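Colleague: Submitted below is the structure of interest, expressed as structure tokens.
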Amino acid sequence: MSKRLGFGVFLAPHHPIGEHPTLQLQRDLELAEMLDEYNYDEFWVGEHHSAGWETIASPEMFLVAAAERTKRIKLGTGVISVPYHHPFNVAQRMVMLDHLSHGRAILGVGPGALPSDAVTLGIDPMTQRDKMDEGLGVILRLLNSEEPFSYQGSWFELHAAALQIRPLQERIPCAVASTISPSGMKTAGKYGVGVLSVASYSEEGLQALPTQWHFGEVAAKENNQTIDRSNWRIVMQFHLSDSKEQAMREVADGLKRWQNEYITGILGVPMRQPFADGYEAAKRMSEYGGAIFGTPEDALAGIARLQKLSGGFGTILCFAHDWAPRDKMLKSYELLARYVMPHCQGLIQPIQNSADRVRANKEELMQKSSGAILKAIHDYNATHPRDR
């Protein structure tokens, strides 16, 4: 597993209803620009078609716009709902994104999160995971092989199919969405690709983390594949501020609105209840580990706990939300970039080591410096007697 922890943002998005949708999209693009400037590694964008809060219908189109505004950040589809599309078109669009982003595309796939989307498209939700598995196999074959092939699938077909444009990257990275069930991990293992744990901030998701990776390893072994923990991405709720108390106060109203209006009010997620008090909800989430609220020091401690709980992962993704006022939210991303990321990426320790070495030898070093100054004065006086 890589020792350098990657950082990114996962934008579903989750925006409260009421704001001009064009301005929402522009704000999301501005966020991509800011994250790029702050040296975040990845930016993930989802696909949804109903329910009002998650309004990006095509992550590929959005990420092409983001690619024009950014320079280095990797751009991931988080995720393309494979059963909603012909796999050939998914592969084609990812190749386009890869070229237009100059080789920064990451393919993220899943079965589709909202039942309302599947029903709208006439898809039986009971078939979505199998369709995703089947479709992913074909997408990867199209992306990674130049040989034409035909395929008669359960819901699509191909005839002498091959992509006429190859990806810019030698191999576009891929990750499969995983929630609480073993299916996502098993699919990732089957194809030897990465994992995107999108429900790790829930109580059930956290409880599942210690055993999740095993499902992927077993499936990989059964299919003569290998998987690497450095390609495991975990999504977590973050908000950083000047203190833990202040951070929880800043998210309280937005967190309550998100839970009550969207999670329970619109989606009706099982086992979820409305929050009576946003601050108390934030406090509880922080206590059980479903969110990292507080200072950069709290974030470092929270990330360390997650690494220990899961057994190790390669990238942590901040779940983008509108819980705090925009200026506070942007400050949180800045604090993470300035004071958390460099510690987790080995950038601070060499600087600290240098300071410690000088501190430990400061008397001796200053004596040498003072001696050098006195010698220079002595040598000058010896060669310029008239100047005295």
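Colleague: Within the stretch 240-247, identify whether any single residue is in the same structural domain as ALA51 (by TED's automatic domain parsing), touching a residue at least 24 places away in the same chain (Cβ under 8 Å), among the hydroxyl-bearing types (Ser, Thr, Tyr) and touching a strand residue (DSSP E or B) at 6+ places or on another chain (Cβ under 8 Å), and answer yes or no.
Modeller: Scanning the stretch 240-247, I find at least one residue that is in the same structural domain as ALA51 (by TED's automatic domain parsing), touching a residue at least 24 places away in the same chain (Cβ under 8 Å), among the hydroxyl-bearing types (Ser, Thr, Tyr) and touching a strand residue (DSSP E or B) at 6+ places or on another chain (Cβ under 8 Å), so the answer is yes.
Colleague: Follow-up. Do the conditions hold for VAL82, that is, is it free of Cβ contacts under 8 Å to residues at least 60 places away in the same chain, surrounded by 23 or more Cβ atoms within 10 Å (Cβ to Cβ) and within 19 Å of GLU157 (Cβ to Cβ)?
Modeller: It is true that VAL82 is free of Cβ contacts under 8 Å to residues at least 60 places away in the same chain, surrounded by 23 or more Cβ atoms within 10 Å (Cβ to Cβ) and within 19 Å of GLU157 (Cβ to Cβ).
Let's see how each residue does on (1) surrounded by 13 or more Cβ atoms within 10 Å (Cβ to Cβ); (2) in contact (Cβ under 8 Å) with a residue 12 or more places away in the chain; (3) within 25 Å of ASP242 (Cβ to Cβ):
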site: ALA291; (1), (2), (3): yes, yes, yes
site: SER310; (1), (2), (3): yes, yes, no
site: HIS321; (1), (2), (3): yes, yes, yes
site: HIS343; (1), (2), (3): yes, yes, yes
site: GLN352; (1), (2), (3): no, no, yes
site: ASP356; (1), (2), (3): no, no, no
site: LEU365; (1), (2), (3): yes, no, no
site: SER369; (1), (2), (3): no, no, no
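Colleague: Would you be able to tell me the number of residues in the stretch 82-140 that are basic (Lys, Arg), touching a His at 6+ places or on another chain (Cβ under 9 Å) and over 24 Å from LEU63 (Cα atoms)?
Modeller: The total comes to 0.
Colleague: Pick from ALA372, ALA382, ALA276: which is more than 27 Å from the chain's Cα centre (by Cα) and part of a loop (DSSP other than H, G, I, E, B)?
Modeller: ALA276
Colleague: In this structure, does VAL251 turn out to be assigned by TED's automatic domain parsing to the domain that holds GLY312, of a type in the set (Val, Ile, Thr) and surrounded by 14 or more Cβ atoms within 10 Å (Cβ to Cβ)?
Modeller: So VAL251 passes the test.
Colleague: Within the stretch 113-126, track down each residue that is within 18 Å of VAL176 (Cα to Cα) and not in a helix (DSSP H, G or I).
Modeller: The answer is ALA113, LEU114.
Colleague: Within the set of pairs 6 or more residues apart or between chains, which connect a residue that is assigned by TED's automatic domain parsing to the domain that holds ILE172 and surrounded by 18 or more Cβ atoms within 10 Å (Cβ to Cβ) inside the stretch 39-68 to a residue that is in a helix (DSSP H, G or I) and β-branched (Val, Ile, Thr) with Cβ atoms less than 8 Å apart?
Modeller: HIS49/THR120
Colleague: For ARG233, state whether it is of a type in the set (D, E, K, R) and surrounded by 24 or more Cβ atoms within 10 Å (Cβ to Cβ).
Modeller: So ARG233 passes the test.
Colleague: Moving to a separate point now. For the stretch 178-228, how many residues meet the condition of being assigned to a helix (DSSP H, G or I), surrounded by fewer than 16 Cβ atoms within 10 Å (Cβ to Cβ) and of a type in the set (Val, Ile, Thr)?
Modeller: 2
Colleague: Right, next: Kindly establish whether GLY76 is surrounded by fewer than 17 Cβ atoms within 10 Å (Cβ to Cβ) and either modelled with pLDDT of 95 or more or under 15 Å from the mean Cα position of the chain (by Cα) (or both).
Modeller: The answer is no for GLY76.
Colleague: Let me ask something additional. Only one of (1) in contact with a Lys or Arg (Cβ under 7 Å, 6 or more places away or on another chain); (2) of a type outside the set (Lys, Arg); (3) in contact (Cβ under 8 Å) with a residue 40 or more places away in the chain fails for MET34. Which number is that?
Modeller: Here MET34 meets the rest and fails (1).
Colleague: Restricting attention to the stretch 312-357, report how many residues are in contact with a Pro (Cβ under 9 Å, 6 or more places away or on another chain), not small (Gly, Ala, Ser) and not in a helix (DSSP H, G or I).
Modeller: 3
Colleague: Okay, moving on. Having 1 or more residues that are hydroxyl-bearing (Ser, Thr, Tyr) is the bar; report the helices (runs of 4 or more DSSP H) wholly within the stretch 11-112 that clear it.
Modeller: Ranges flagged: 21-37.
The values are calculated or read from the model by the stated rules, or taken from the named source; none is laboratory data. The structure presented is a predicted model; accordingly, all values stated were derived computationally and were not measured. Please note: Cβ atoms are built from the backbone with ideal geometry, for glycine as well, and neighbour counts cover all protein chains shown.
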